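Q: Below you will find the structure I want to go over with you.
Nothing in this text is a laboratory measurement; each read-out follows from the coordinates by a stated rule. If you're wondering where the values come from, they're calculated on a predicted model, not measured in any experiment. Cβ sites come from the backbone with ideal geometry, for glycine too, and all protein chains shown count toward neighbours.
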Amino acid sequence: MSRAWRVRQYGEPASVLRLEDTTEPTPGHGQVRLRVAATSCNFADVLLCRGEYQQKPVPPFTPGLEVCGWVDDIGGGVDPRLLASRIVGQPILPHGGFAEVALMNADEAYVVPRNIDDTTAATLHLTYLTAWLGLHRRAAIKAGDTVVVTAAAGGVGSAAVQVARAAGATVIAIVSDEGKAVTVSGLGADVVVVRSRGDVIEQVKAAAPDGADIVFDSVGGQAYEQATKYIAFEGRIVVIGFASGYIPRPHLNHAFVKNYTIAGLHWSLYRTHRPDLVHIAQAAIFEMAAAGLIDPLITARAGLDDVPDALEELAHGRTQGKTVITV
């Protein structure tokens, strides 16, 4: 038996998560079982608990979409050399990462380089893949581009700031308050726009008179509408989520007259349609980490018992960077 947080009905994390003793899952064909070392919290985990994520598992299930751990059992067809390897990846629901034991597809398990610790490794998959694929694949980032990152102090936003900087872009980071402004300045943002200081559109245009070549938007709602006002000619707005809770309705006539592109990114689709790109992206992320070009913003560490509280903080926008659960 091992412990796992389980959702038996959809709702807010603090209300629906229960820590239970569960029978340890057996890996099926092509799967590995891992002893969880660390799991990072993502807004997607909040949406899973609410039943609002793109992937809607049937309860009961264990959330936790970004995990690092040690392989202790393998299913049929799996290379036995993976046994005892330290890996990072996305677990297979219903056996997610907020647990002592999780399952993962072997072909989606990435061996962690020795120079990266468990806590850091647990943040180098989902969020950084979102940032890398959004910027490199969907937006075709190049050196010299001006990139605006909305919600830049969050988990995926802070990753996007670093990935954009590593690509040679000028980064304009948008945050909600002065405390977060200090945080993103430390990440290397060239310009920080603080919503409480005044009109966001005017602040961005003051920093980039010709507009932003790329907008990396995880907020939706008003943030997306503002982006359409400061996007440059032939700019790219990459939509990766709707943390505000409001899904905008794009005015395609506006995109038509301004010649900008709206690109969506649900990175998990690459797992089935272009797994080769996921492998390329993950290798690039490990290389950037080893070279010191990216350094995950980990602002909180907690134990397995603290998962509901950690997700509640995330759900209400009271976090910066990543919270990592160590098991």
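Q: May I have the convex hull volume per residue, in Å³, for the Cα set of the stretch 197-259?
A: 80 Å³
Q: Now for a different question. Using only the alpha-carbon atoms of the chain as identical scatterers, what base-10 log of I(q)/I(0) does the Debye formula give at q = 0.07, 0.09 Å⁻¹?
A: Debye curve over Cα of the chain, log10 I(q)/I(0) at q = 0.07, 0.09 Å⁻¹: -0.27, -0.45.
Q: Please report the net charge: other residues with Cβ closer than 13 Å to the Cβ of V239, K and R +1, D and E -1.
A: My count for the surroundings of V239 gives +1.
Q: While we're on this one: Using only alpha carbon pairs under 8 Å that are at least six residues apart, calculate the relative contact order of the chain and give it in whole percent.
A: The value is 18 percent.
Q: Now a separate question. Once you have a ≥ b ≥ c as the square roots of the Cα gyration tensor eigenvalues for the stretch 1-145, tell me rounded if a/c is under 1.5, and otherwise prolate or oblate according to whether a/b is larger than b/c.
A: oblate
Q: If you rank R318, R138 by fewest surrounding Cβ atoms within 10 Å, what's the result?
A: In order of increasing Cβ crowding within 10 Å: R318, R138.
Q: Could you tell me whether the stretch 218-327 comes out rounded, prolate or oblate from its Cα gyration tensor? Rule is a ≥ b ≥ c as square roots of the eigenvalues, rounded for a/c under 1.5, then prolate if a/b exceeds b/c, otherwise oblate.
A: Cα axes put the stretch 218-327 in the oblate bin.
Q: Cut-off 10 angstrom, C-alpha nodes, Gaussian network model of the chain. Which of D45, D306, D145 fluctuates the most?
A: Taking springs between Cα atoms under 10 Å, the residue moving most is D306.
Q: Summing -39500 (n - 2.57) over the DSSP H runs of n ≥ 4 in the chain and dividing by its residue number, what mean residue ellipticity at 222 nm do you reach, to the nearest 500 deg cm²/dmol?
A: Taken over the chain, the calculation gives -8000 deg cm²/dmol.
Q: Any chance you could get the radius of gyration and Dmax over the Cα atoms of the stretch 126-264, in Å?
A: 13.2, 39
Q: In the neighborhood of I201, defined by Cβ-to-Cβ distances under 10 Å, what is the net charge if each Lys or Arg adds +1 and each Asp or Glu adds -1?
A: Net local charge, I201 excluded: -1.
Q: List W267, W132 from most exposed to least, where exposure is judged by having the fewest other Cβ atoms within 10 Å.
A: Starting with the residue having the fewest Cβ neighbours, the order is W267, W132.
Q: A further question on this structure: When a/c is below 1.5 the answer is rounded, else prolate if a/b is larger than b/c, else oblate, so apply that to the stretch 134-216 with a ≥ b ≥ c taken from the square roots of the Cα gyration tensor eigenvalues.
A: Judged from the Cα gyration tensor, the stretch 134-216 comes out oblate (a/c at least 1.5, b/c at or above a/b).
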